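Enquirer: Quick one: the structure is below, and I'll ask about it shortly.
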Amino acid sequence: MERRAREDFYNGLVWVVDGARRKRDLARFAKEWARGCSYIPNFNKRQILKPAGALFQDWAGSSAHVFFDFGDGGHLWWIFPHSSIDRAYVQPVSRPQFVRTFAEAGLQGFDSLIDNFRAFVAHYEEPPLVKGPLRPQRQQSPPYLPPIRRRFRF
């Protein structure tokens, strides 16, 4: 509840979560990452269906940018905002890239990367149904044009 309250209050929040706080989190995360799939072989973004583990349970529903830090000096693991407990999208981000993006462009830098991530997600999810108008709209007739009359003499 506190996480959601903070996300609602602060506009543009980034979470860096200590993934090494609980002993089983790293092993469970590694297992889920290995189970994940990508429509492009050996791609660095993956979809994980029904991810298990406390980290996903706690953070998959976040509307903010969430990065897991396992304290190994390697990558941070970015959970796509608005991932769910049914479907999570994950990408590794190098620490220098994280620092550079945040230092140069702030939160807008991550927001610009979201478009790239959204394109990836679009390969897995159906586009939303777009409902038409409740009543058919009346088609406008073209403006009145007088008929063209030509006179020919033979």
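The values are calculated or read from the model by the stated rules, or taken from the named source; none is laboratory data. Since we're looking at a predicted model, the values are computed, not measured. Neighbour counts are summed over all protein chains in view; Cβ atoms, including those assigned to glycine, are modelled from backbone coordinates with ideal geometry. Note: accessible area is taken over every heavy atom of the protein model, side chains too, but ligands, DNA and RNA are not part of it. Shrake-Rupley method; radii C 1.70, N 1.55, O 1.52, S 1.80 Å.
Enquirer: If PRO41 meets every condition in (1) under 26 Å from GLY73 (Cα atoms); (2) surrounded by 12 or more Cβ atoms within 10 Å (Cβ to Cβ) apart from one, which number is that one?
Expert: Checking PRO41 against (1) under 26 Å from GLY73 (Cα atoms); (2) surrounded by 12 or more Cβ atoms within 10 Å (Cβ to Cβ), the one that fails is (2).
The rows are residues; the columns are (1) without any contact (Cβ under 8 Å) to a residue 60 or more places away in the chain; (2) open to solvent by 10 Å² or more (accessible area, probe 1.4 Å); (3) part of a loop (DSSP other than H, G, I, E, B).
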residue: ARG21; (1), (2), (3): yes, yes, yes
residue: ALA27; (1), (2), (3): yes, yes, no
residue: ALA34; (1), (2), (3): yes, yes, no
residue: GLY61; (1), (2), (3): yes, yes, yes
residue: PHE68; (1), (2), (3): yes, no, no
residue: GLY71; (1), (2), (3): yes, yes, yes
residue: TRP78; (1), (2), (3): yes, no, no
residue: SER83; (1), (2), (3): yes, no, yes
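Enquirer: Keeping to segment 1-19, report how many residues are outside any loop (DSSP other than H, G, I, E, B) and surrounded by fewer than 14 Cβ atoms within 10 Å (Cβ to Cβ). Explain how you work it out, then say what you get.
Expert: In the first step, residues of segment 1-19 are kept if they are outside any loop (DSSP other than H, G, I, E, B); the result is 2-9, 14-18.
Imposing the further condition that a residue be surrounded by fewer than 14 Cβ atoms within 10 Å (Cβ to Cβ) reduces the set to 2, 4-6, 8-9, 16, 18.
Going through segment 1-19 one residue at a time, the tally reaches 8.
Enquirer: Of the residues in segment 36-57, how many are part of a loop (DSSP other than H, G, I, E, B) and of a type in the set (D, E, K, R)? So that I can check it myself, show each step before the final result.
Expert: First, pick out the residues of segment 36-57 that are part of a loop (DSSP other than H, G, I, E, B): 36, 38-45, 50-53.
Those still in the list that are of a type in the set (D, E, K, R) too: 45, 50.
Result for segment 36-57: 2.
Enquirer: With the condition kept exactly as written, say whether any residue in segment 47-59 is in contact (Cβ under 8 Å) with a residue 40 or more places away in the chain and of a type in the set (A, V, I, L, M).
Expert: Checking segment 47-59: at least one residue is in contact (Cβ under 8 Å) with a residue 40 or more places away in the chain and of a type in the set (A, V, I, L, M).
Enquirer: Just for segment 42-82: of the residues that are of a type in the set (S, T, N, Q) and modelled with pLDDT under 85, which one is nearest to ARG22 (Cα to Cα)?
Expert: Ranking the qualifying residues of segment 42-82, first place goes to SER63.
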